[in-house]
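Taking it in order: structure first as structure tokens, then the write-up.
The values are calculated or read from the model by the stated rules, or taken from the named source; none is laboratory data. Model, not experiment: these values are computed from the prediction. Because the Cβ atoms are built from the backbone with ideal geometry, glycine has one as well, and the counts that use them run over all protein chains shown. These accessible areas exclude ligands, DNA and RNA; they are computed on the full protein's heavy atoms, side chains included. Shrake-Rupley method; radii C 1.70, N 1.55, O 1.52, S 1.80 Å.
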Amino acid sequence: MTESNRPQPESTDAAAANPPAAFRCGTVAIVGRPNVGKSTLVNALVGQKISITSRKAQTTRHRLVGIQTTGDTQYVFVDTPGFQTRHASALNRSLNRAVTSTLSSVDLVLFVVEAGQYGPDDEKVLTLLPRNTPVLLVVNKIDRLPGDRRSEIMFPFLEKMGHQFPFREVVPMSAKTRDHIERLLGIIRPYLPEGEPMYDTDALTDRSERFLASEIIREKVFRWTGDELPYTSTVVIDKFETEGRLRRVFATILVERDAHKAMVIGSKGAKLKQISTEARLDMEKLFDGKVYLELWIKVKSGWADNEAGLRAYGYE
């Protein structure tokens, strides 16, 4: 989309002569294959870590809303699971439903790809993009390209991507660079409709502390087990109690086999202790108060390929 065709904010002269611009509020879906940096992007756009991240595919499993209210705009970002194409389990079908249902009810879509990388999994997500909703192409991780070859790689890549879909705009960026995040927010704003805020202006997400606690624990499990532990592991909050600024969290880590349980526990319980410590510290930072955390591990074979079991553990 050319500069002249982009939805334009009101000019400086018009703003001086007229009342302030009307408040804008809208929903923005962030979609892409696994591991292109969607959750990192959501956290940067919101300005607070609300979506967990790891190198393991399928880290994001739920539709998660992140909210950024600044000045006369409320951005409602919807982080979606990476669209799954390789395993036809009940869990993956649930993840894919979360993606497709989100795309039907937003004001704008950010299709995220990794700079210089576009393959069959990206193309599969591309086929899901709506034709009646504006779509921006966000080319993430440009900081990972070698500086002396960045232009050499990016120019043909952007030209190739321009032929894939009628994107309104193409935004090369790094989600780790604050200036890039501010620029993206400015590009998004004109696409949002005028209207009242959907959430309180100090809200960061639509999810409960109980949900966020389970996600933080799951992130630490993935980070400390690496590629050893299969993706079919999850966390269930058995009890979440609040006493003033103290939270008491009792949770169970579900794995599929006894061998996986040993991986999470580690030698003399060292790995489980590290998972618990890091999860507790992250919760205390997010909840702004002390957290008492107890973790157990339970073997539950086949839970990820059972529709009823998925619903019982909070999957849609």
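Ordered by 1.4 Å accessible area with all protein chains kept, 240, 157 run largest first as 240, 157.
On full extension, the segment bounded by residue 183 and residue 202 gains 4.7 nm, given 0.36 nm per residue less the C-alpha separation. Legend: residues 288, 202, sorted from most to least accessible area (1.4 Å probe; ligands, DNA and RNA excluded), read 202, 288. With both residues required to sit in segment 100-175, DSSP beta bridges show an antiparallel share near 10%.
Note that segment 101-215 presents 51 Å² accessible area per residue, ligands and nucleic acids not counted, probe 1.4 Å. Here segment 240-278 is scanned for amide nitrogen atoms under 13 Å from the site 7 Å beyond the Cα of residue 298 along Cα-to-Cβ, giving 250-256. Here r is the Cβ-Cβ distance between residue 158 and residue 259 and R0 is 30 Å; the resulting FRET efficiency, rounded to 0.05, is 0.10.
Run the numbers for residue 150 and residue 22: contour at 0.36 nm per residue of separation, minus the present Cα-Cα distance, in nm.
42.1 nm
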